[in-house]
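Note sheet for the following structure.
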Amino acid sequence: MTNLLTWPLAPVRATVALAEQIRRQAEAEYYDPARIRLQLEQIDALRESGQLDPEQAAIWEDELVSRLSARREET
């Protein structure tokens with residue numbers, strides 16, 4: 001009987017479950033140490049080539065290091 005009453009909510013539950021899975025995947029990529037290291041290397045290359053000014057590079061590097069630190073604190 002309960003299944004019959006909650007059946008109309010099945011699409012909503014599936015959507016919520018999918019959104020949660022997407023959120024987990026996005027967070028995993030956002031905090032991935034290998035990805036962060038690659039981005040730091042890219043920032044360094046842009047700074048060295050003159051395509052990125054040192055101030056902006058420092059801001060981006062601080063953000064990436066913060067992400068890396070936040071991930072380590074969670075584990």
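Some observations on this one:
One line per residue, one yes/no per condition, for (1) under 23 Å from the mean Cα position of the chain (by Cα); (2) on the phi < 0 side of the Ramachandran plot; (3) of a type in the set (A, V, I, L, M):
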| site | (1), (2), (3) |
| --- | --- |
| 8 | no, yes, no |
| 14 | yes, yes, yes |
| 24 | yes, yes, no |
| 34 | yes, yes, yes |
| 41 | yes, yes, no |
| 51 | no, yes, no |
| 54 | no, yes, no |
| 64 | yes, yes, yes |
| 68 | yes, yes, yes |
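- When residues of the range 1-11 are limited to those that are surrounded by 10 or more Cβ atoms within 10 Å (Cβ to Cβ) and among the aliphatic types (A, V, I, L, M), the one modelled with the lowest pLDDT: 9
- Per-region count, the range 18-66, residues in contact (Cβ under 8 Å) with a residue 40 or more places away in the chain and loosely packed, with under 11 Cβ neighbours inside 10 Å: 0
The values are calculated or read from the model by the stated rules, or taken from the named source; none is laboratory data. Quantities reported herein were computed from a predicted structural model and do not represent experimental measurements. Quick reminder, even Gly has a Cβ in these numbers, built from the backbone with ideal geometry, and neighbours come from all protein chains shown.
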